[in-house]
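Below: one structure, written as structure tokens.
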Amino acid sequence: MGRAFVYVIIGGGVAAGYAALEFTKRGVSQGELCIISEESVVPYERPALSKGFLLPEAPARLPSFHTCVGANEERLTPKWYKEHGIELVLGTRVKSADVKRKTLLTATGETISYKILIVATGARALKLEEFGLSGSDAANSCTGGNAVVIGGGYIGMECAASLVINKINVTVVFPEAHCMARLFTPKIASYYEDFYTAKGVKFIKGTVLSSFDMNSNGKVTAVNLRDGNHLPADMVVVGIGIRPNTALRATAPSMLLVMLPRFRSKLFGESRRLEHVDSARKSAKHAVAAIMEPEKTDEFDYLPFFYSRVFTLSWQFYGDGVGEIVHFGDFSGTTFGAYWVSKGHLVGSFLEGGTKDQYEALSKVTRLKPAIEDVAELQRQGLGFALLMSQEPAPAPPSPSLGVGGPALALGRPLYAWHATAGVIVAASVAVFAYWYGRKRRRW
């Protein structure tokens, strides 16, 4: 007979760490919680891997970025888990799940039983082989020379910045017309591409990797692109996206709901898939709340949020990047941004170089989704619109529209839906399962 626990978390990513901390805050007893993870270390903050971990001076190393330091909370080291009586089953994969008997079978042959299960398996990095290419094992690291970064999304852009700081020659290759195509507008992207170029980064757009040249030791020496470009390379970073870890569905079809990286967005009224660490952190905490105190836990009410910090730059995005784009600010300076207006309402916002108060104002106004009758007036007010609106009390829906900054702008009821943007996914769907399960069962 294997080990038995009240709560079991499958997955050792960001969500697992934040869930563990929330469990302890809510009084879980020693010996009740178990985390099963394929990784050999306890949960850590993923953003560090494409930023501080790659810096040449005082690089970030474990245990400095274990969860939950990313949210300015406790750092959960192996000692912390031991002190709180949380069982860690590391370096172990769950092979199958029997949801009827409430048991898990690990790849080592052990059976672990549970009463409440959280599946937070996150996602895995896509490999070249999934696109009919070979050479993933040949893309080794180096301490200088030339680096080719495949992919112009989150991972590609953040790694490119870190590599340049390491005095490595960097070329970024992606098929889209501009970087961060799922989130940035062409105008916003142009600013960052110009900034990177000034730092020495080269961009090759509108093409993809074709093959690698390798030496007799199997080490990559050059990258061949579909457009005919031949790039000398001592190192290659492949950041081409992720795929949700949903393999457990085959053995546990009734767990399909939690396995998908989606949740019901209260703000936008539809199912959403979010691929960002902030969503993983907050959905994990909400999941535990729904399990431990279901009668006191409301529906997961999350405002989509993305951010990045590279070089001296720092930007934040809130809401939904759909509809008409309204740029504002000085794109030749250090502070600028954009609003997205869809069906007459502000549904998304972006700001580079803002202060804490300014970012908070953007978050608040985006959640309010005010009615916008005149986009020219919105552009004229720019960031000032968000600062002014954030000071206004939220109307109780339904309510008459309230003029703000002149008759052209008005508050209104929330409307539109948000489509998931960029990438590094982790277990946002945890909250959906926990909310549903917590309503169904009492705490043991």
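The values are calculated or read from the model by the stated rules, or taken from the named source; none is laboratory data. None of these values were measured; they are calculated from a predicted model. With ideal geometry, Cβ positions are generated from the backbone for all residues, glycine too; neighbour counts draw on all protein chains shown. Surface accessibility is based on the protein's heavy atoms, side chains included, excluding ligands, DNA and RNA. Shrake-Rupley method; radii C 1.70, N 1.55, O 1.52, S 1.80 Å.
Summary table below
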read-out	value
Checklist (1) open to solvent by 40 Å² or more (accessible area, probe 1.4 Å); (2) among the charged types (D, E, K, R); (3) at pLDDT 95 or above applied to E45, failing item	(1)
Condition broken by G218, with the remaining ones in (1) farther than 30 Å from A284 by Cβ; (2) at pLDDT below 90; (3) surrounded by 15 or more Cβ atoms within 10 Å (Cβ to Cβ) satisfied	(3)
Out of S136, S113, sole residue that is touching a residue at least 24 places away in the same chain (Cβ under 8 Å), of a type outside the set (A, V, I, L, M), closer than 29 Å to Y196 by Cβ and surrounded by fewer than 19 Cβ atoms within 10 Å (Cβ to Cβ)	S136
Within the range 184-206, tally of residues that are of a type in the set (V, I, T) and without any contact (Cβ under 8 Å) to a residue 40 or more places away in the chain	2
Whichever residue in the range 259-280 is at pLDDT 85 or above and either open to solvent by 10 Å² or more (accessible area, probe 1.4 Å) or basic (K, R) (or both) and, among such residues, is farthest from T246 (Cα to Cα)	D278
Of all residues making up the range 116-133, the number that are open to solvent by 40 Å² or more (accessible area, probe 1.4 Å) and either under 17 Å from the mean Cα position of the chain (by Cα) or among the polar types (S, T, N, Q) (or both)	3
Among (1) farther than 22 Å from H276 by Cα; (2) without any contact (Cβ under 8 Å) to a residue 60 or more places away in the chain; (3) exposed (fewer than 14 other Cβ atoms within 10 Å of the Cβ), the one test that R61 misses	(1)
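Every residue, every condition in (1) at pLDDT 95 or above; (2) open to solvent by less than 30 Å² (accessible area, probe 1.4 Å), yes or no:
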position: K282; (1), (2): no, no
position: A287; (1), (2): no, yes
position: I325; (1), (2): yes, no
position: D374; (1), (2): yes, no
